[in-house]
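Values in this text are rule-based calculations from the coordinates and carry no lab data. Not measured: the values here are computed from a predicted model. Virtual Cβ from ideal backbone geometry, glycine too; neighbours counted across all protein chains shown.
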Amino acid sequence: MQHLLLTNIKQLCGVEIGDNRKTRLAGADMKQLPSIENAWLYIEHGKIESFGSMDDFHPKQATDIMDLSGRIVLPSWVDSHTHLVFAGSREGEFVDRINGLSYEEIAKRGGGILNSAAKMKAADEHELYEAACQRLHNVMHQGTGAIEIKSGYGLDLDGELKMLKVIRKLKENAHIPIKASFLAAHAYPIDYKQNHEGYLNLIINTMLPKIADEGLADYMDVFCEEGFFSVAETERLLEAGWKYGLKPKIHANQLHYSGGVQVGVKHNAISVDHLECVGDAEIAALKAGNTIPTLLPAAAFFLGIQYQPARKIIDAGLPVCLATDYNPGSCPSGNVELLLTLACTQLKMTPEEAVNAVTINGAAALELTDEMGTIAAGKRANLIITKPVPSLAYIPYDFGNNNIEKMLVNGSVL
Ligand code: NIG
Ligand code: FE
């Protein structure tokens with residue numbers, strides 16, 4: 001499909017108007033989702049070429065035309081935080097939590113991340129790839145047009161390399177932008193429970209050089225949390241990552257006021273993610289830096305813990321990014337439509353704020369602003385075409401249902 005013309009679009013959302021390219025939206029600006037009613041959009045060689053109102057439509061040479069009466073078109077979701085590569089499942093822990101155990105208690109008993117690490121050790125690389133490919137395909141059909149994927153269930157050199165090679169293969173084959181984060185510092189493996197120094201040395205002196213040398217990661221991640229990696233340990237890891245050109249994107253303040261937000265901002269993290277525990281000190285730190293607060297409400301929902309204070313963050317004038325956290329433990333779903341519903345009902349974000357958080361701000365959190373996140377000439381034609389819907393708000397309102405009719409990837413129907 002070389003030239004595709006979309007006509008009679010009920011509402012074209014997330015458009016950039018004028019030359020002033022915004023790279024992220026913060027504070028009150030997040031409420032604005034610039035849109036054109038009754039619009040057309042022209043795609044050439046996989047990219048958005050031009051768009052406008054049907055009122056001033058000039059006929060275009062197109063190999064294909066789609067009449068999108070009644071349908072909304074949006075930039076595809078940019079899911080900036082996932083653990084999409086994993087082996088097996090953990091529904092046993094789901095039942096343990098129903099019966100009263102907490103996520104932390106399960107982790108202390110050797111479950112949680114270590115449970116997935118044991119499954120990862122036994123997993124065959126090809127099967128791992130096939131399973132991840134299937135998940136990726138599913139979330140793409142649910143509107144995801146760019147994604148970040150973490151390692152972090154290997155927890156030794158071979159295991160981390162195995163995961164990162166699977167991510168590299170996904171990058172080669174998927175046709176959407178994929179970024180890889182190196183998360184060996186996800187949990188201390190059993191052999192290093194009493195030897196933190198030994199594991200930090202292994203990450204810093206053995207894993208990092210090898211992974212950087214093979215170009216296997218884009219970002220450095222750490223689970224900065226009580227019972228996992230302390231602030232001091234996180235600092236050492238982030239400094240080591242920077243030496244190899246890996247910018248930080250870290251897990252912070254999920255379970256406690258751990259100092260993770262502050263340490264992330266101090267080390268110029270692209271984003272600090274989770275943020276269930278955010279008070280005035282965390283807000284002040286974020287205001288002083290450029291780090292994007294990324295909220296993962298679907299993980300809070302699934303673990304039954306407190307939600308992130310999105311209003312407090314936005315009302316402080318900060319940007320908010322939303323991501324799924326798709327992983328086998330705290331969020332076995334990569335469904336962004338459900339994420340939008342949670343953002344609206346639980347975090348009290350408006351539908352426009354929620355869509356901005358997972359499009360333009362998602363692109364910022366993956367440094368993909370040049371090609372993703374908005375409708376703009378020259379950007380990738382990774383676009384969501386909804387079913388006929390009465391309005392944008394209907395999408396998070398009609399929860400649990402799929403309102404996506406078609407997904408375009410590089411201008412072609414998936
Ligand atoms: O983002 N919190 C740390 N890591 C993941 C969960 C990983 C797991 O439980 O497997 C998260 O929620
Ligand atoms: Fe995570």
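Listing for the model above:
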{"quantity": "For the range 126-166: rounded, prolate or oblate by the Cα gyration tensor [a/c cutoff 1.5]", "calculated": "prolate"}
{"quantity": "Linear extension gain, D67 paired with N201, 0.36 nm per residue minus alpha-carbon span", "calculated": "42.4 nm"}
{"quantity": "Charge dipole magnitude, Cβ of K and R +1, D and E -1 - the range 167-323, Cα centre, debye nearest 20", "calculated": "400 debye"}
{"quantity": "R311-D29 pseudo-label distance in nm [points 7 Å out on the Cα-to-Cβ vector]", "calculated": "2.4 nm"}
{"quantity": "32 Å Cα-Cα threshold exceeded, pairs from K169/K287; K31/K379; K47/K150; K171/K348; K165/K348", "calculated": "K169/K287; K171/K348; K165/K348"}
{"quantity": "Helix 157-173 vs. the chain, principal-axis angle (Cα, 0 to 90°, nearest 10)", "calculated": "10 degrees"}
{"quantity": "Ascending count of other beta-carbon atoms within 10 Å, so fewest first, for F94, F51", "calculated": "F94, F51"}
{"quantity": "About the Cα centre, charge dipole magnitude for the range 324-414 (Lys/Arg +1, Asp/Glu -1 at Cβ), debye", "calculated": "180 debye"}
{"quantity": "Packing-based order for 391-400, 138-147, 354-363, using average beta carbon neighbours within 10 Å, highest first", "calculated": "354-363, 138-147, 391-400"}
{"quantity": "Extension gain, R97 back to K287 (0.36 nm per residue minus Cα-Cα distance, nm)", "calculated": "64.8 nm"}
{"quantity": "Between helix 336-345 and the chain: long-axis angle, C-alpha atoms, 0 to 90°, nearest 10", "calculated": "90 degrees"}
{"quantity": "Mean shadow area of the range 1-103, taken as a quarter of the surface of its Cα convex hull (nm²)", "calculated": "11.7 nm²"}
{"quantity": "Nitroxide proxy distance, nm - points 7 Å out along Cα→Cβ at H45 and Q194", "calculated": "6.3 nm"}
{"quantity": "Likely footprinting exposure, E93, E353, fewest C-beta neighbours within 10 Å first", "calculated": "E93, E353"}
{"quantity": "Lys, Arg +1 and Asp, Glu -1 on Cβ, resulting dipole of the range 78-365 about Cα centre, debye, nearest 20", "calculated": "240 debye"}
{"quantity": "Cα gyration tensor shape of the range 78-365, rounded if a/c is under 1.5, else prolate or oblate by comparing a/b with b/c", "calculated": "rounded"}
{"quantity": "Separation in nanometres of the label points that stand 7 Å from Cα toward Cβ, at S391 and K210", "calculated": "5.6 nm"}
{"quantity": "Residues L164, L157, sorted so that the one with the fewest Cβ neighbours within 10 Å comes first", "calculated": "L157, L164"}
{"quantity": "Alpha carbon centroid spacing (whole Å) that separates the range 152-222 from the range 26-66", "calculated": "40 Å"}
